[in-house]
Amino acid sequence: MEPITVLIVDDHTVAREGLRAMLETDPQVRVVAEAADGLEALERVAELRPAVVLMDVRMPRMDGLEATRRMKAEHPTTAVIIMTSYDDDALVVAAVRAAAAGYLLKDVSRDLLRHTIGAVASGGVLIKDSLLRKAISGFFHTAQSPEADLPDLRAAAVEDLTEREREVLRLLAEGLTNKEIGDTLALAEVTVKKHVQSIIAKLGASGRTHAAITGMRMGLLK
């Protein structure tokens, strides 16, 4: 199996070196480059097409959230994990709006970091249920209409999902990868991928993260 390619983005050299040191002994992960701000990150992604980007939030020239939004628009298959020192509800909301696939604090353990990289590279959305719930709560407590950032939840769109797609969406909203969903439902991974693509299209979602939130709003997570 080819190693998962990773781009590290942080304006602090020490932080980048620390993350690289945590990952360089893992044969399943290969750090292909580093970037010091959002603009440089966009250039590196366009050039190298890494599977996963570890993205700091507060950086000069372009912050990590704006870089994530642009990155997902231009390279939707690249998964972004927001890395921050701040356990802030507003940042979780912003990360979800930017279609990040993961959200971790910088004091994360080596094992959790590696697990998260593997999960999002396999198509998972690894934002803890508690953080997703914070994000949803944040959407409903901001002055801006949530419909401006979330998929249109008209009844017709929801009703258009097949029963199997509802099952896949429920598991997607629980943060499972395509492989894990396939194992749970006895489906091939490629079949799950097609279901996920169909779900995103039918809901008008910008990606898996928005689709997962939609699943929570539909009450699929208890």
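The values are calculated or read from the model by the stated rules, or taken from the named source; none is laboratory data. Remember, predicted model here, so these are calculated numbers, not experimental data. Don't worry about glycine lacking a Cβ; one is built from the backbone with ideal geometry, like all the others, and counts go over all protein chains shown.
Here are the numbers:
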{"quantity": "Residue pairs meeting the criteria (Cβ under 7 Å; at least 6 apart or on separate chains; first farther than 19 Å from ILE4 by Cβ, in region 49-71; second in a helix (DSSP H, G or I) and not small (Gly, Ala, Ser))", "calculated": "VAL57/LEU65; VAL57/LEU91; ARG61/LEU39; MET62/LEU39; ALA67/LEU42; ARG70/LEU42"}
{"quantity": "Set PRO50, PRO76: member being outside any helix (DSSP H, G or I) and surrounded by fewer than 22 Cβ atoms within 10 Å (Cβ to Cβ)", "calculated": "PRO76"}
{"quantity": "Options ARG30, ARG44, ARG20: the member that is closer than 19 Å to ASP111 by Cα and in a helix (DSSP H, G or I)", "calculated": "ARG20"}
{"quantity": "Test result for MET1, at pLDDT below 90 and over 23 Å from ALA212 (Cβ atoms)", "calculated": "yes"}
{"quantity": "Residues (closer than 19 Å to ALA99 by Cα and not small (Gly, Ala, Ser)) located in region 169-184", "calculated": "LEU169, ARG170, LEU171, LEU172, GLU174, LEU176, THR177, ASN178"}
